[in-house]
1. How large is ³J(HN,Hα), in whole Hz, for each residue of the range 63-68 in order, when computed from phi with the Karplus curve 6.51 cos²θ - 1.76 cosθ + 1.60 and θ = phi - 60°, using x for Gly and Pro?
2. Quick one: which of Lys109/Lys157; Lys6/Lys33; Lys146/Lys259 span more than 31 angstrom between C-alpha atoms?
3. In square nanometres and to one decimal, what's the mean projected area of the convex hull around the Cα atoms of the range 9-93?
4. Give a residue-ordered list of calculated ³J(HN,Hα) values for the range 243-256 (Karplus: 6.51 cos²θ - 1.76 cosθ + 1.60, θ = phi - 60°; whole Hz; x for Gly, Pro).
5. What part of the accessible area of the chain, given as a whole %, is carbon or sulfur when the probe is 1.4 angstrom?
6. For every other residue with a beta carbon closer than 14 angstrom to the beta carbon of Gln294, add +1 if it is Lys or Arg and -1 if Asp or Glu, then tell me the sum.
7. Using Rg and Dmax of the Cα atoms in Å as the read-out, say which of (i) 29.2, 89; (ii) 19.9, 66; (iii) 22.9, 72 was calculated from these coordinates.
8. Give me the accessible area per residue for the range 65-185, probe 1.4 Å, as a whole number in Å².
Amino acid sequence: MPFRPKSTLEQWRILQAVVDAGGYAQAAELLNKSQSSLNHAVAKLQSQLGVELLEVIGRKAQLTAAGEVMLRRSRILTQQIEDLELLADNLDKGWEPEIRIATELAYPKQFLYQALQAFYPLSRGSRVQIIDTVLTGTSEIITQKKADLVITGVVPKGYLSEPLYVTRFIPVVGCQHPLAAIESLDQNELSQQLQIVIRDTAVKPQEHMGWLKAEQRWTVDNFYEAVEILQLGLGFCWLPDFVVQSQLDSGQLCRLPLKQSTERLVPMSLLAPQEETLGPGSRQLRQLLLAAHQK
């Protein structure tokens, strides 16, 4: 037999108002109801549950021990109902239930996190999914329209974008690696060494993307795995300066002294693969992300 609740949301909201306002008279004024109707509602709630929730001491209604527990749980319930109704209203107005943002691994995420911190109070219950992408995997996300917003190092033809940041890639090794002791190094010498590369997230990755001239290559999923391998004295890797700055400062990693092409600059841009159907939540998040780079 299906469960039939003994109480109503209105009864719990009245109880919350009586407690928050400090008494029946104050709650009646706040809710624009008669004091007797509030007394009746709370009395009926206690009777239906068989639990005493409030006791009047002097002129003030106070929670019993059981009332404190029930009130706390009721607040969760009423908040969930409010969130559910707000979500329904947002869906009716076109607000997205989920926002997907794909971001190139070479983009410093503190800017995204700042934008998300500002977005959360405005999010209206929308879920946010962050997708890490690398190289042609980012382009694939764009062309296949698998995200609402994309932060990319390469803007495919036919798409408009907003500039965000310029990532500086530098060649690094563990400071105990033999290359760290060389005063000057050319590209041909580097091609004879083990290179640590980051896996392209595309279904069909393109080999020409990135510097891949070394014959020996080990592939990892992210920059932090690469750093751990480098710290063992194995291989070299081109990494964003913001990823390795602390290891460079501490002497765990060393920058390779290349004779030419000592760094690679990759401009990061923000775009919407489907601008014409971009929802209001995604538009709000985009503005906050752009604003995070103007601080």
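The values are calculated or read from the model by the stated rules, or taken from the named source; none is laboratory data. Just so it is clear, the structure is predicted and the values come from calculations on it, not from any experiment. When we count neighbours, we look across all protein chains shown, and the Cβ atoms used for this are built from the backbone with ideal geometry, even at glycine. Please note that ligands, DNA and RNA were not included when accessible areas were found on the heavy atoms of the full protein model with its side chains. Shrake-Rupley method; radii C 1.70, N 1.55, O 1.52, S 1.80 Å.
1. My calculation for the range 63-68 gives 6, 7, 4, 5, x, 4 Hz in order.
2. Numbers: Lys109/Lys157 25 Å; Lys6/Lys33 22 Å; Lys146/Lys259 41 Å.
Over 31 Å Cα-Cα: Lys146/Lys259.
3. Numbers: hull surface 24.2 nm².
Average of the hull's projected areas for the range 9-93 equals 6.1 nm².
4. Going residue by residue, I get 6, 10, 4, 5, 6, 5, 5, 8, x, 7, 10, 10, 7, 6 Hz, with x marking Gly and Pro.
5. Numbers: 8610 of 16700 Å².
Solvent-exposed carbon and sulfur of the chain make up 52 percent of the total.
6. Values: positive: Arg286, Lys295; negative: Glu162.
Neighbourhood net charge equals +1.
7. (i)
8. Details: 6530 Å² over 121 residues.
On a per-residue basis, 54 Å².
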